[in-house]
Structure formats: C-alpha cells, structure tokens
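The next block holds one structure in the form of structure tokens; read it before the comments.
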Amino acid sequence: EPEVTQTPSHQVTQMGQEVILRCVPISNHLYFYWYRQILGQKVEFLVSFYNNEISEKSEIFDDQFSVERPDGSNFTLKIRSTKLEDSAMYFCASRQGTGRTNEKLFFGSGTQLSVL
Amino acid sequence: GNSVTQMEGPVTLSEEAFLTINCTYTATGYPSLFWYVQYPGEGLQLLLKATKADDKGSNKGFEATYRKETTSFHLEKGSVQVSDSAVYFCALSMNTGFQKLVFGTGTRLLVSP
C-alpha cells in the first residue's frame, strides 16, 4: 500500500527556535493535513491544504505556524518560534479526494517534536 | 462542537479474550465514523468505518456498528491476538467541506500470551 513519509522521526529543539517538519504525501493525492497529539491528549486537527492554499485551520494554528508545498511533492509544517507547549507528535496525512468514496485518510508515522 | 469520547486505557487482555472499546460521539448532523489503529512505531491506519446509521464496519475480525440512537460506535473483537496490541482511535468526520477528522484520545490495548 502507498505510504505517507515523514521526516525526521524525532526532532529536539530549543525554545524560540524555528523547526520545519517534512512530509511526502502519496503522489496522486490532492488534500493534505497536519494533526498533532500532545502526550496523553487527543489527536487534534491543525490545518488542511488544497490547491496550494490553506482550506481550513484550527485555533491552534496561529501566526507561528505555516504550511507550504514548495515543489509539488513535499508538504512542510513550519513553527517559527517554538514554545514548550508545541512539544507533541505531529502527523501528516493525505487523501485523494473528498466525498464518501474518498474518505480514507493516509497518515504518516509522525514526527515527535520535543521543545526544551 | 463535534467531539468523540472513548474509554481510557490501557485495556489489558489475555489472548483469545473478547474485546470491547467504547466510543460515543457528539455531532451536529450525520457524521461518518471511523476506527484508526496505531501499531508501535507506525502511523495511524484506517481499521474500519461506517457512513450511516446501522452500518457495520468490519476488518481483520474487528467490528463496530453505527448506533444513532445511542450515538455510539463501539469496537469489538471476539478473540484478540498478541499482534492486536496497539492504540485504537475512534474518530468522526462530517461529510461536507474538507472532512477533517475529530479524534478521541485513543485507547491502548495490551494483549498478553
């Protein structure tokens, strides 16, 4: 089965530093998402991206966050100035289309971000 | 807003035991319901889904029935195996817009031989 690939699997950074989390979605997919899970809490939606623009974002996704699809294959999440509370597992996901026949969302294995 | 509540874990069972993981939801409208599974070191994988009331999703011996009257989607398996040890997430999405998923907290299942 095709896979969503995320790198790195673990990222440690100092508070205030910028981090970029990278994802390679499945090649014919059109809809892209970032989710995160703080330890012991729910998996939370951050942002969805379609047609080279953000289609929806949550309250968590403030001005410190940005997403980009720079080259037609990678999909990145940037946090400009990390805070301690950004420590979480970040999941990238993609799907081919929407509607009941295209609901399957494919997830990557996640990047564990630790902010010290 | 829409939300999902699932039972806290860990759930610890012996091999061949019966499994139930409870999941209830709150939604405006009629969502699709999902169970995702995360094996150690891997991403979330779709286990099963149901898109309307009374639908039963099934896969790998797991089943869940969409119960509109009780707003529930409990996951069951008749006889668990050690290889079923994982974290199980209940989720919903509305069938409009970009269909973001709303997840529960996840329930860790540990199956011992």
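A few notes on this one:
- Search result, residues across the stretch A:34-44 that are facing chain B (nearest Cβ under 8 Å) and modelled with pLDDT of 95 or more: A:35
- Meets criteria (crowded, with 20+ Cβ neighbours inside 10 Å, of a type outside the set (A, V, I, L, M), in contact (Cβ under 8 Å) with a residue 24 or more places away in the chain and under 25 Å from residue A:57 (Cα atoms)) for residue B:62: no
- Selection from the stretch A:16-67 of residues that are on the phi > 0 side of the Ramachandran plot and of a type outside the set (S, T, N, Q): A:16, A:40
- Which listed residue is within 10 Å of chain A (Cβ to nearest Cβ) and of a type outside the set (Ser, Thr, Tyr), from B:60, B:49: B:49
- Flag for residue B:36 being of a type in the set (Phe, Trp, Tyr), within 12 Å of chain A (Cβ to nearest Cβ), in contact (Cβ under 8 Å) with a residue 12 or more places away in the chain and assigned to a loop (DSSP other than H, G, I, E, B): no
- Boolean, residue A:36 is farther than 20 Å from residue B:101 by Cα, surrounded by 12 or more Cβ atoms within 10 Å (Cβ to Cβ) and under 12 Å from the mean Cα position of the chain (by Cα): no
- For residue A:62: the one exception among (1) over 13 Å from residue A:24 (Cβ atoms); (2) within 14 Å of chain B (Cβ to nearest Cβ): (2)
- Check on residue B:91, out of contact with any helix residue (DSSP H, G or I) (no Cβ under 9 Å at 6 or more places or on another chain), more than 14 Å from chain A (Cβ to nearest Cβ), buried (at least 21 other Cβ atoms within 10 Å of the Cβ) and among the aliphatic types (A, V, I, L, M): no
- Selection of the stretch A:44-75 for residues being among the basic types (Lys, Arg) and outside any strand (DSSP E or B) yields only A:69.
- Residue count, the stretch A:19-28 (criterion: within 15 Å of the chain's Cα centre (by Cα) and of a type outside the set (A, V, I, L, M, F, W, C)): 2
- Members of the stretch B:39-58 that are assigned to a loop (DSSP other than H, G, I, E, B) and of a type in the set (A, V, I, L, M): B:53
- Search result, residues across the stretch A:48-85 that are surrounded by fewer than 11 Cβ atoms within 10 Å (Cβ to Cβ) and of a type in the set (A, V, I, L, M): A:84
- Residues of the stretch B:9-31 satisfying the condition of being outside any loop (DSSP other than H, G, I, E, B) and either over 12 Å from the mean Cα position of the chain (by Cα) or within 22 Å of residue B:82 (Cα to Cα) (or both): B:11, B:12, B:13, B:14, B:19, B:20, B:21, B:26
- When A:11, A:41 are checked against the criterion of being surrounded by fewer than 20 Cβ atoms within 10 Å (Cβ to Cβ) and assigned to a strand (DSSP E or B), a single residue qualifies: A:11.
The values are calculated or read from the model by the stated rules, or taken from the named source; none is laboratory data. As the structure is a computational prediction, the values presented were derived from the model and not from experiment. Don't worry about glycine lacking a Cβ; one is built from the backbone with ideal geometry, like all the others, and counts go over all protein chains shown.
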